[in-house]
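A quick write-up on the structure given underneath.
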């Protein structure tokens, strides 16, 4: 994909400089609108299922069937991303998401929606995500260039987390005032923005000089490359540790809201909002420090902040302090994972970038259900506090091992 203007080597890698890139600016706006619709659908989907079935078990099953395809096939999605032109691939996946959202809207608005309809579409979306996520993550480098990749990842994260704050609030009002089906319809329409933008972006030729192997061989090639590269391997291991032992804290939030802090449903909503606010702040800070602070230092500092925030939140019995801890957790998580995302893209050769990013997606999305299950098991056998403290200590150990690597500490500011 053609590197656009204002991304030359003489321009400071700031969010303002990147915003002057008209192609990326259009992409960011389209992505933000799409994220907003997706969060509205996420809220409405759970509400409709619970309203139809009145079953907590089926609500959990919905989440499982939606995430399982991504767990199983995201690594193969990386192979697909390296085989095809990423812009056209994302254009196709976003169009499929739009069709599924429109089908859900028609089913819910007509009163014909049943659990199996919603579960089937959630599963289909999971398969699409397994291909879409690695391709979309790897496409950032093509859009902005290596110099701006950290800023691009941070700004994408800012769009995602702003939508995470606004989308559920809008969905709640629509569900209350009209019908949850309109959330699905708005989501379907929201994809028009990103599809239109992707359609106008110039395509980049797929490297024909790279000899194509079988899918299994190409998957093995990507895994072997990352394993043999000590720096990439350490970043992926940190990714996995944070996904399993740190990011799973959200599973236990209802326990802390009701039993530990005793703030009820409203308090639970505020806890999640604090996380979203912190995530947005973290994304903006990451964009601000890009090019000025060594990236290895950003990863280690932010990961340490995440472990600290988790420890304090687990021990806190004060509602205001817990809110502050969640702001720290949200900001640190986005800064850490965003930095790792950018590093994996810039350190990987172009013909392997999709497969490298598929490992990042697998770590964050594929391993998350197992982390949630593990934290729930620890909490049920001991306490929620014990579960979070255990996760924080394990993550702190992995962070210490990562920080001990000289190649991580000496990563330049890019």
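Bear in mind these aren't lab numbers, they're just calculated from the coordinates by the rules spelled out. Keep in mind it's a predicted model, so treat the numbers as computed, not measured. Note that each Cβ is placed from the backbone with ideal geometry, even for glycine, and that neighbours are counted across all protein chains shown.
Quick notes on this one:
- Take the Kirkwood radius over Cα pairs of region 43-156, plug it into Stokes-Einstein at 20 °C and 1.002 mPa s, and you get 138 µm²/s for translational diffusion.
- Each Cα pair under 8 Å and six or more residues apart adds its separation to the average, and for region 305-373 the resulting relative contact order is 24 percent.
- Per-residue [θ]222 nm for the chain (sum of -39500 (n - 2.57) over DSSP H runs n ≥ 4, rounded to 500): -26500 deg cm²/dmol
- Those residues of region 21-44 whose amide nitrogen sits under 14 Å from the label point placed on residue 178, 7 Å along Cα→Cβ: 41
- A Förster distance of 22 Å, applied to the separation of the beta-carbon atoms of residue 169 and residue 321, puts the FRET efficiency at 0.35.
- Directionally averaged projected area (convex hull, Cα atoms, region 191-334), nm²: 13.1
- Evaluated at q = 0.12 Å⁻¹, the base-10 log of the normalised Debye intensity for the chain, with identical point scatterers placed on the Cα atoms, takes the values -1.00.
- Treating each Cα of region 7-202 as one equal point scatterer and applying the Debye formula with no solvent, the log10 of I(q)/I(0) at q = 0.11, 0.13, 0.14, 0.18 Å⁻¹ comes out as -0.53, -0.72, -0.82, -1.24.
- The length gained on full extension between residue 258 and residue 102, counted as 0.36 nm times the residue separation minus their Cα-Cα distance, comes to 52.5 nm.
- From the largest down, region 215-414 spans 51, 38, 27 angstrom on the principal axes of its Cα atoms.
- Counting 0.36 nm for each residue step from residue 109 to residue 65 and taking away their Cα separation leaves a gain of 13.5 nm.
- Of every Cα-Cα pair in region 298-345, the percent that sits beyond 14 Å: 48
- Mean-position separation - Cα centroids, region 305-359 and region 33-62, in angstrom: 25
- Cα shape, region 286-392, gyration tensor, a/c 1.5 rule: oblate
- Taking region 7-202 and dividing mean pair separation by its residue count, relative contact order in percent (alpha carbons under 8 Å, at least six apart): 45
- Under the criterion of Cα pairs below 8 Å and six or more residues apart, the relative contact order for the chain equals 26 percent.
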